[in-house]
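To start, the structure under review is shown below, and the notes come after it.
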Amino acid sequence: MQHHSILRVVSKLLIPPILVYALYVQFHGEYSPGGGFQAGVVFAVAFILFSLVYGVDELTRVVPPRLLHALTGIGVLIFAGTGIVTMLLGEAFLSYNALTENPVHAQEWGIVIVEFGVGVTVASVMLSLFIAFTSQNPPLDDKDW
(Lines give C-alpha, C1' and ligand atoms only; values in the text may rest on other atoms or scores of the structure.)
Protein backbone atom coordinates (compact mmCIF):
# COMPACT_ATOMS: atom_id res chain seq x y z
CA MET A 1 0.00 0.00 0.00
CA GLN A 2 2.99 2.34 0.25
CA HIS A 3 3.03 2.86 -3.52
CA HIS A 4 -0.30 4.71 -3.32
CA SER A 5 1.08 7.65 -1.35
CA ILE A 6 0.12 10.31 -3.93
CA LEU A 7 -3.43 8.96 -4.12
CA ARG A 8 -3.66 8.98 -0.33
CA VAL A 9 -2.45 12.59 -0.08
CA VAL A 10 -4.80 13.77 -2.82
CA SER A 11 -7.76 11.98 -1.24
CA LYS A 12 -6.99 13.54 2.14
CA LEU A 13 -7.07 16.93 0.42
CA LEU A 14 -10.30 16.22 -1.49
CA ILE A 15 -12.49 14.54 1.14
CA PRO A 16 -12.95 17.57 3.47
CA PRO A 17 -14.05 19.93 0.66
CA ILE A 18 -16.44 17.25 -0.64
CA LEU A 19 -18.01 17.01 2.83
CA VAL A 20 -18.27 20.80 3.10
CA TYR A 21 -19.87 20.93 -0.34
CA ALA A 22 -22.39 18.28 0.78
CA LEU A 23 -23.30 20.48 3.74
CA TYR A 24 -23.65 23.48 1.42
CA VAL A 25 -25.99 21.52 -0.87
CA GLN A 26 -27.93 20.29 2.16
CA PHE A 27 -28.57 23.65 3.75
CA HIS A 28 -29.10 25.66 0.57
CA GLY A 29 -31.49 23.17 -0.99
CA GLU A 30 -34.60 25.21 -0.22
CA TYR A 31 -33.17 28.28 -1.97
CA SER A 32 -31.31 26.75 -4.90
CA PRO A 33 -30.95 23.41 -6.66
CA GLY A 34 -29.99 20.75 -4.18
CA GLY A 35 -31.39 19.39 -1.00
CA GLY A 36 -31.37 16.23 1.01
CA PHE A 37 -31.10 13.66 -1.76
CA GLN A 38 -28.27 15.38 -3.59
CA ALA A 39 -26.43 16.19 -0.38
CA GLY A 40 -26.76 12.61 0.82
CA VAL A 41 -25.23 11.30 -2.39
CA VAL A 42 -22.35 13.80 -2.27
CA PHE A 43 -21.74 12.98 1.39
CA ALA A 44 -21.64 9.26 0.58
CA VAL A 45 -19.25 9.91 -2.31
CA ALA A 46 -16.66 11.30 0.11
CA PHE A 47 -16.73 8.07 2.10
CA ILE A 48 -16.74 5.96 -1.07
CA LEU A 49 -13.61 7.80 -2.21
CA PHE A 50 -12.08 7.05 1.20
CA SER A 51 -12.98 3.39 0.71
CA LEU A 52 -11.52 3.25 -2.79
CA VAL A 53 -8.20 4.56 -1.47
CA TYR A 54 -7.98 2.84 1.93
CA GLY A 55 -10.21 -0.21 1.43
CA VAL A 56 -13.67 -1.33 2.47
CA ASP A 57 -12.39 -2.80 5.73
CA GLU A 58 -11.06 0.59 6.76
CA LEU A 59 -14.38 2.21 5.82
CA THR A 60 -16.31 -0.26 7.97
CA ARG A 61 -13.91 0.49 10.83
CA VAL A 62 -14.54 4.23 10.49
CA VAL A 63 -18.28 3.90 9.79
CA PRO A 64 -19.62 0.59 11.15
CA PRO A 65 -22.55 -0.95 9.26
CA ARG A 66 -24.64 -0.96 12.45
CA LEU A 67 -24.25 2.83 12.63
CA LEU A 68 -25.34 3.14 9.00
CA HIS A 69 -28.44 1.06 9.63
CA ALA A 70 -29.28 3.15 12.70
CA LEU A 71 -28.79 6.38 10.75
CA THR A 72 -31.06 5.10 7.99
CA GLY A 73 -33.84 4.61 10.51
CA ILE A 74 -33.15 7.92 12.24
CA GLY A 75 -33.37 9.77 8.92
CA VAL A 76 -36.72 8.18 8.11
CA LEU A 77 -37.96 9.00 11.61
CA ILE A 78 -36.92 12.65 11.19
CA PHE A 79 -38.85 12.87 7.93
CA ALA A 80 -41.94 11.01 9.13
CA GLY A 81 -41.75 12.54 12.60
CA THR A 82 -42.02 16.02 11.12
CA GLY A 83 -45.21 14.98 9.36
CA ILE A 84 -46.60 13.36 12.49
CA VAL A 85 -45.84 16.48 14.55
CA THR A 86 -47.74 18.62 12.05
CA MET A 87 -50.67 16.19 12.25
CA LEU A 88 -50.61 16.31 16.06
CA LEU A 89 -50.71 20.10 15.82
CA GLY A 90 -53.95 19.87 13.84
CA GLU A 91 -52.73 20.25 10.26
CA ALA A 92 -52.23 17.84 7.38
CA PHE A 93 -49.18 15.58 7.09
CA LEU A 94 -46.12 17.79 6.39
CA SER A 95 -48.18 20.99 6.50
CA TYR A 96 -45.36 23.10 7.84
CA ASN A 97 -47.56 26.05 8.80
CA ALA A 98 -48.33 24.28 12.08
CA LEU A 99 -44.70 24.47 13.19
CA THR A 100 -44.57 28.21 14.01
CA GLU A 101 -46.81 31.27 14.01
CA ASN A 102 -45.03 32.82 11.03
CA PRO A 103 -45.84 30.79 7.88
CA VAL A 104 -42.61 31.83 6.15
CA HIS A 105 -40.46 30.58 9.03
CA ALA A 106 -42.61 27.47 9.33
CA GLN A 107 -41.97 26.59 5.69
CA GLU A 108 -38.24 27.22 6.06
CA TRP A 109 -37.90 25.13 9.23
CA GLY A 110 -40.10 22.35 7.91
CA ILE A 111 -38.16 22.03 4.68
CA VAL A 112 -34.78 22.13 6.46
CA ILE A 113 -35.83 19.41 8.90
CA VAL A 114 -37.35 17.15 6.26
CA GLU A 115 -34.41 17.59 3.89
CA PHE A 116 -31.99 16.79 6.71
CA GLY A 117 -33.83 13.53 7.32
CA VAL A 118 -33.72 12.72 3.62
CA GLY A 119 -29.98 13.51 3.47
CA VAL A 120 -29.16 11.28 6.43
CA THR A 121 -31.21 8.43 4.96
CA VAL A 122 -29.78 8.70 1.45
CA ALA A 123 -26.16 8.89 2.64
CA SER A 124 -26.64 5.90 4.95
CA VAL A 125 -28.37 3.79 2.32
CA MET A 126 -25.78 4.65 -0.35
CA LEU A 127 -22.93 3.67 1.97
CA SER A 128 -24.74 0.51 3.10
CA LEU A 129 -25.26 -0.54 -0.52
CA PHE A 130 -21.65 0.22 -1.38
CA ILE A 131 -20.39 -1.85 1.54
CA ALA A 132 -22.78 -4.70 0.74
CA PHE A 133 -21.66 -4.86 -2.88
CA THR A 134 -17.94 -4.47 -2.25
CA SER A 135 -17.29 -6.39 0.95
CA GLN A 136 -15.69 -9.79 0.60
CA ASN A 137 -17.93 -11.42 3.19
CA PRO A 138 -21.34 -9.77 2.98
CA PRO A 139 -23.47 -10.26 6.09
CA LEU A 140 -26.04 -12.98 5.58
CA ASP A 141 -27.56 -13.44 9.01
CA ASP A 142 -29.73 -11.21 11.19
CA LYS A 143 -27.07 -10.48 13.81
CA ASP A 144 -25.01 -8.43 11.31
CA TRP A 145 -27.92 -6.30 10.16
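The values are calculated or read from the model by the stated rules, or taken from the named source; none is laboratory data. As the structure is a prediction and not an experimental result, all values here were calculated from the model. Quick reminder, even Gly has a Cβ in these numbers, built from the backbone with ideal geometry, and neighbours come from all protein chains shown.
Of all residues in the range 87-108, those that are within 19 Å of Glu30 (Cβ to Cβ) have Cβ atoms under 7 Å from Cβ atoms of residues that are part of a loop (DSSP other than H, G, I, E, B), 6 or more apart or on another chain, in Asn97/Glu91; Ala98/Leu89; Ala98/Gly90; Ala98/Glu91; Ala106/Leu99; Ala106/Thr100; Glu108/Glu30. Exactly one residue out of Ala39, Ala46 is among the small types (Gly, Ala, Ser) and touching a residue at least 40 places away in the same chain (Cβ under 8 Å): that is Ala39.
Considering every residue within the range 103-112, establish whether at least one is among the hydrophobic types (A, V, I, L, M, F, W, C) and at positive phi. The answer is no; no qualifying residue exists. The sole residue among Leu140, Leu68 that is at negative phi and either modelled with pLDDT under 90 or among the aromatic types (Phe, Trp, Tyr) (or both) is Leu140. Of all the criteria given as (1) more than 16 Å from the chain's Cα centre (by Cα); (2) surrounded by 19 or more Cβ atoms within 10 Å (Cβ to Cβ); (3) of a type in the set (D, E, K, R), the one not satisfied by Glu115 is (1).
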